[in-house]
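Remarks on the structure that follows.
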Amino acid sequence: MSSKRRLGLSPNIIFIGLISFLTDVSSELIFTLMPLFLANVVGAATVVIGLIEGVAESTASLLKLLSGWLSDKLGNRKHLAFVGYALSTLSKPFMLFAGAWG
């Protein structure tokens, strides 16, 4: 067994797994708390919160279809994965700038 391998996995697999885990945890925390934030801090109505959540889920589903097609077309999944994780990481801090509704 190579000294560079841990648990029978290459360092790249361990690194990508760790990044994926941390991104998923942060996303799930945000999506769980988002309705409370929108209602209590921003002051959004229940209908608006539902619309925001629906648009977010629809956008995610459509982007999965598009990125899957693009991945098959380009044949390079590493770059798309990097762009996806980078966008996810860079977009979350912008929630700090959210203020009151209307």
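The values are calculated or read from the model by the stated rules, or taken from the named source; none is laboratory data. Keep in mind that this is a model prediction, so the values were computed, not measured. Because the Cβ atoms are built from the backbone with ideal geometry, glycine has one as well, and the counts that use them run over all protein chains shown.
Quick notes on this one:
- Residues (charged (D, E, K, R) and under 16 Å from the mean Cα position of the chain (by Cα)) located in the range 58-77: 64
- Taken together, the residues in the range 12-50 that are more than 21 Å from residue 91 (Cβ to Cβ) and surrounded by 11 or more Cβ atoms within 10 Å (Cβ to Cβ) amount to 8.
- If only residues of the range 65-102 that are aromatic (Phe, Trp, Tyr) and assigned to a helix (DSSP H, G or I) are counted, the one that is surrounded by the fewest Cβ atoms within 10 Å (Cβ to Cβ) is 97.
- Given (1) surrounded by 13 or more Cβ atoms within 10 Å (Cβ to Cβ); (2) among the hydrophobic types (A, V, I, L, M, F, W, C); (3) part of a helix (DSSP H, G or I), number of the condition residue 55 does not satisfy: (1)
- When the range 1-60 is filtered for residues that are polar (S, T, N, Q), at pLDDT 90 or above and farther than 26 Å from residue 79 by Cβ, the ones remaining, listed by number, are 32, 40, 46.
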